[in-house]
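The values are calculated or read from the model by the stated rules, or taken from the named source; none is laboratory data. In this text the structure is predicted, and so the values were computed from the model without any measurement. Here the Cβ is made from the backbone with ideal geometry for all residues, glycine too, and neighbour counts use every protein chain on show. Just the protein is used for accessible areas: all its heavy atoms, side chains included, with ligands, DNA and RNA removed. Shrake-Rupley method; radii C 1.70, N 1.55, O 1.52, S 1.80 Å.
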Amino acid sequence: MTPDLRAWTGPDRVLAQRIAAFIDGSLRGSAPENFSALALDLHARQAERCPVIASLVEGPVRTWTDIPAVPVDLFKTLPIGMVDPVDAATTFLTSGTTGAGRGAHRLRSTALYDHGAVAWARRCLAAWPTRSVNLLLDPSHHPESSLSHMVALFAEDSAWFLGPEGVHAAGFTAALADRPAFVGATAFALAEWLEDHEPDPLPPGCTLMVTGGFKGRVHRLDADDLYTAARRVLQPAHLVTEYGMTELSSQFWASPDQPYAPPPWLRALAVDPHTGAPCPPGQPGQLRLFDLCNLDGSLAIETLDEGTVLPDGRVKLKGRLTDAPARGCSLTVEEAWQARRRT
Amino acid sequence: MKTRWSEVAAWRDRLAQADLSGVATGLSPQGLQEAVNVAVHALNDRALEAVAAQPGTPYGRAAVVTAGTTPTAALEWLALLLGRGSEVVWKHPEAQPGLAPLVRALAGGLPLNTTDDRDVVAEANVVIAMGSDAAVADIRRGAAPNAVVHAHGHAWSCAWITGAALGADEAVPADFRDPWGRLAADAALHDTRGCLSPAVVFTPLPLEQAVDALAEAMERAQARWPIGEVHPGEAAMIRARRAMARVVGAKRSGEGWSVHGLTLDHVTAHGLPRSLAVVHAPDAETAARTASQWGAALSTVGTDDPDSAPIWHRAGATRICSTGRMQRPPLDRIHDGVRWVTQTYRAISIEGFTVVAEA
């Protein structure tokens with residue numbers, strides 16, 4: 001489906017059209033232009049419109065890897081991107097439990113986000129869902145959750161069973177019934193469900209998606225243990241993992257034993273966290289992500305995650321950098337869960 | 001129970017003379033030596049005698065659980081618990097025994113053991129738990145039901161610097177007794193990790209002036225006590241704060257140190273190794289109001305403005321001291337809002353009885 005790009009005007013409309021064409025063309029195997037060329041034009045426009053991005057430029061920007069990446073921490077207190085708060089049709093917010101403010105990703109429209117997210121998920125998921133039953137926040141009550149927004153795109157028939165107090169187990173179990181569904185869950189919500197609610201296997205044909213990070217503020221989940229438990233107890237037809245961020249508009253997908261695959265319009269670069277210099281090929285480093293779909297935010301994001309970028313662009317994700325503060329959509333659940341365990 | 005104060009003093013003296021080469025703590029050799037010097041100095045005879053004179057009953061068995069961020073943090077606890085007569089086990093971080101093997105080897109006949117096994121807390125009558133809030137909560141769950149647990153979780157510290165000269169202080173290294181040198185010495189100790197380290201510097205001085213002055217002092221501190229290991233996440237956070245300073249303020253850096261001038265709206269209470277955030281605030285009230293909004297417990301405020309003490313106290317600070325002394329505290333002090341030395345023994349209060357003579 002062709003995205004509705006009317007929210008953008010002038011040179012931004014032209015960029016939006018180029019991005020949409022890149023998404024469609026690259027998925028057909030013939031991107032209409034070079035990634036770097038589009039990235040440089042997008043960066044130039046963002047630097048023109050966003051003083052923060054402009055002020056981070058320290059040297060000549062000749063190729064996409066030269067584009068300065070905005071550290072995710074800056075989103076908490078600085079206006080990043082091309083959209084004033086009053087002009088934002090949608091604002092996604094990072095988890096806000098650290099007391100240090102919430103990062104904001106403002107969009108004039110989610111048309112590009114939606115177009116790219118659905119297109120890449122269709123490519124990565126073995127079966128396209130007709131309904132979803134989720135251990136995620138309800139997007140109608142939490143429009144600030146980019147994760148819930150994304151999952152809501154997958155099926156009109158969707159239900160949500162996570163709140164600030166944790167998993168709504170009874171409703172979730174009832175909603176699963178005996179029909180196939182896409183089941184989205186953050187890692188901590190899934191861990192809570194498995195540990196505290198003794199669930200039955202999922203109905204046949206279900207796809208289980210796990211996302212949201214494994215390192216919490218209170219404890220750390222072992223990813224392999226969680227996947228093993230999920231397979232053993234829930235017996236999903238498909239188990240997939242997703243890696244995304246509020247500050248991005250595109251997502252990586254994988255299965256638990258495989259590297260994360262980005263769409264053609266999203267690239268990763270591993271850098272030395274001490275210097276910011278690119279790591280030699282095959283060496284793990286701090287991940288910078290370059291997302292052409294991020295027209296309204298910042299094309300380039302510097303995460304606090306560690307990973308290795310493979311020659312084909314896929315990413316072996318190692319988790320948070322040592323001693324980096326925890327963040328992510330799993331944390332709210334983790335804290336609620338932990339609070340109950342203390343009582 | 002037999003007290004062991006003289007044995008503790010002898011242990012302290014052996015530690016003061018110990019060869020620290022080969023002890024891996026993440027600090028540089030010079031940084032570790034200075035940290036040990038400071039810890040040993042705090043355990044001077046007069047301080048130990050004063051604490052020994054306090055009445056109280058020792059616990060039978062004590063466990064001291066420490067984080068890896070401040071390798072000498074356990075020493076004062078060990079000294080006081082052992083001096084009272086308790087058996088003590090020091091549970092150090094699993095991946096980083098740090099000073100523990102050396103301290104154990106120098107203990108002589110003192111009943112001190114070291115381990116990385118967290119289960120030891122289950123056998124203790126008193127548990128001293130230091131570390132992140134998460135680690136402390138975990139330790140508390142592992143303690144025996146009737147054990148006394150004294151938790152010292154996450155806290156942070158800051159400085160309020162007006163540029164005023166302070167009087168001579170023998171505890172502060174001689175060539176770091178100028179206003180900014182004192183602060184740089186505070187930041188250098190333990191590489192700015194730990195709850196007594198200044199994470200943020202508030203100043204009424206012009207930002208560029210303060211940043212330049214502190215940068216010069218940080219360079220001096222680096223030459224005297226080179227920085228140790230910086231973890232990847234810390235390095236990434238320093239670069240992120242540098243980016244923030246590039247946008248909203250000023251930045252200075254050299255090998256092993258950085259100073260980032262920020263604004264009140266863009267600073268957070270996040271301590272980073274040898275990296276200080278400097279913020280202009282028109283007055284102490286404004287600075288304290290900002291600091292009090294950050295949620296986490298405010299521990300120490302180092303300052304050259306003693307008149308600001310009531311303001312910081314109202315903002316939640318539990319210890320206010322001169323700069324240069326933030327990480328060089330006296331043994332008997334308020335820490336995290338309590339007189340910590342009292343946590344090393346069992347005190348008792350017997351009240352409300354009227355003695356009636358038998359007829």
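Is one or more of the residues making up the stretch B:79-101 touching a helix residue (DSSP H, G or I) at 6+ places or on another chain (Cβ under 7 Å) and open to solvent by 40 Å² or more (accessible area, probe 1.4 Å)? No, every residue in the stretch B:79-101 fails to be touching a helix residue (DSSP H, G or I) at 6+ places or on another chain (Cβ under 7 Å) and open to solvent by 40 Å² or more (accessible area, probe 1.4 Å).
You will find that of A:110, A:91, the residue that is surrounded by fewer than 19 Cβ atoms within 10 Å (Cβ to Cβ), under 16 Å from the mean Cα position of the chain (by Cα) and at pLDDT 95 or above is A:91 and no other. Within the stretch A:1-42, the set of residues being in a helix (DSSP H, G or I), among the charged types (D, E, K, R) and open to solvent by 50 Å² or more (accessible area, probe 1.4 Å) comprises A:13, A:18, A:24, A:28, A:41.
Could you say whether any residue in the stretch B:280-289 is within 14 Å of chain A (Cβ to nearest Cβ) and either of a type outside the set (S, T, N, Q) or not in a helix (DSSP H, G or I) (or both)? Within the stretch B:280-289, not a single residue is within 14 Å of chain A (Cβ to nearest Cβ) and either of a type outside the set (S, T, N, Q) or not in a helix (DSSP H, G or I) (or both). Residues that are small (Gly, Ala, Ser), within 23 Å of the chain's Cα centre (by Cα), under 29 Å from residue B:135 (Cα atoms) and open to solvent by 10 Å² or more (accessible area, probe 1.4 Å) within the stretch B:47-77 comprise B:67, B:68, B:73, listed in sequence order.
Remark: residue A:70 matches the filter, which requires a residue to be buried (at least 17 other Cβ atoms within 10 Å of the Cβ), under 24 Å from residue A:22 (Cα atoms) and within 9 Å of another protein chain (Cβ to nearest Cβ). What about residue A:86, is it free of Cβ contacts under 8 Å to residues at least 12 places away in the same chain, of a type in the set (A, V, I, L, M, F, W, C) and away from every other protein chain (no Cβ under 14 Å)? Yes, satisfied. Screening the stretch B:172-252 for helices (runs of 4 or more DSSP H) wholly inside it with 2 or more residues that are within 14 Å of chain A (Cβ to nearest Cβ) and buried (at least 23 other Cβ atoms within 10 Å of the Cβ) returns the ranges B:232-248.
The condition of being out of contact with any strand residue (DSSP E or B) (no Cβ under 6 Å at 6 or more places or on another chain), more than 14 Å from chain A (Cβ to nearest Cβ) and either assigned to a loop (DSSP other than H, G, I, E, B) or not aromatic (Phe, Trp, Tyr) (or both) holds for only one of B:302, B:352, that being B:352. When B:322, B:258, B:308, B:292 are checked against the criterion of being at pLDDT 95 or above and within 14 Å of chain A (Cβ to nearest Cβ), B:258 stands alone in meeting it.
Summed over the stretch B:315-359, residues that are surrounded by fewer than 20 Cβ atoms within 10 Å (Cβ to Cβ), in contact with a Gly (Cβ under 9 Å, 6 or more places away or on another chain) and among the charged types (D, E, K, R) total 2.
Just to be sure, is residue A:75 within 14 Å of another protein chain (Cβ to nearest Cβ), buried (at least 20 other Cβ atoms within 10 Å of the Cβ) and either more than 30 Å from residue B:269 (Cα to Cα) or in contact (Cβ under 8 Å) with a residue 12 or more places away in the chain (or both)? Judged against the criteria, residue A:75 is a match. What are the pairs with Cβ atoms under 8 angstrom where one residue, in the stretch A:170-187, is surrounded by fewer than 24 Cβ atoms within 10 Å (Cβ to Cβ) and the other, located anywhere, is among the acidic types (Asp, Glu)? Sequence gap at least six, or different chains. Filtered contacts from the stretch A:170-187: A:173/A:200.
So that you can scan it fast, the table gives a plain yes or no per residue for (1) of a type in the set (Ser, Thr, Tyr); (2) closer than 16 Å to residue B:105 by Cβ; (3) at pLDDT 95 or above:
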{"position": "B:8", "(1), (2), (3)": "no, yes, yes"}
{"position": "B:13", "(1), (2), (3)": "no, yes, yes"}
{"position": "B:18", "(1), (2), (3)": "no, yes, yes"}
{"position": "B:30", "(1), (2), (3)": "no, no, yes"}
{"position": "B:43", "(1), (2), (3)": "no, no, yes"}
{"position": "B:57", "(1), (2), (3)": "yes, no, no"}
{"position": "B:61", "(1), (2), (3)": "no, no, yes"}
{"position": "B:66", "(1), (2), (3)": "yes, no, no"}
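Condition first: within 25 Å of residue A:5 (Cα to Cα) and either open to solvent by 30 Å² or more (accessible area, probe 1.4 Å) or more than 14 Å from chain B (Cβ to nearest Cβ) (or both). Now tell me which residues in the stretch A:47-67 satisfy that. A:48, A:49, A:51, A:64, listed by residue number. In the stretch B:244-256, the residues that are on the phi > 0 side of the Ramachandran plot never reach a residue that is surrounded by fewer than 17 Cβ atoms within 10 Å (Cβ to Cβ) and β-branched (Val, Ile, Thr) with C-beta atoms less than 6 angstrom apart, at least six apart or across chains. Answer yes if at least one residue in the stretch B:27-48 is without any contact (Cβ under 8 Å) to a residue 60 or more places away in the chain, outside any helix (DSSP H, G or I) and among the hydrophobic types (A, V, I, L, M, F, W, C), and no otherwise. Scanning the stretch B:27-48 turns up no residue that is without any contact (Cβ under 8 Å) to a residue 60 or more places away in the chain, outside any helix (DSSP H, G or I) and among the hydrophobic types (A, V, I, L, M, F, W, C). Here is the figure for the stretch B:339-359: residues that are without any contact (Cβ under 8 Å) to a residue 12 or more places away in the chain and either among the β-branched types (Val, Ile, Thr) or more than 16 Å from residue B:50 (Cα to Cα) (or both) total 11. Of the residues making up the stretch A:165-176, one or more are closer than 16 Å to residue A:95 by Cβ and not hydroxyl-bearing (Ser, Thr, Tyr). Does residue A:140 count as open to solvent by 20 Å² or more (accessible area, probe 1.4 Å), part of a loop (DSSP other than H, G, I, E, B), at pLDDT 95 or above and over 19 Å from residue A:291 (Cα atoms)? Considered against the rule, which asks whether it is open to solvent by 20 Å² or more (accessible area, probe 1.4 Å), part of a loop (DSSP other than H, G, I, E, B), at pLDDT 95 or above and over 19 Å from residue A:291 (Cα atoms), residue A:140 comes out as yes. Elements of the type strands (runs of 3 or more DSSP E) sitting completely within the stretch A:158-249 and holding at least 3 residues that are touching a helix residue (DSSP H, G or I) at 6+ places or on another chain (Cβ under 7 Å) and of a type in the set (Phe, Trp, Tyr): there are none.
Please tell me if residue B:162 is in contact with a Leu (Cβ under 9 Å, 6 or more places away or on another chain), within 14 Å of chain A (Cβ to nearest Cβ) and of a type in the set (Ser, Thr, Tyr). Considered against the rule, which asks whether it is in contact with a Leu (Cβ under 9 Å, 6 or more places away or on another chain), within 14 Å of chain A (Cβ to nearest Cβ) and of a type in the set (Ser, Thr, Tyr), residue B:162 comes out as no.
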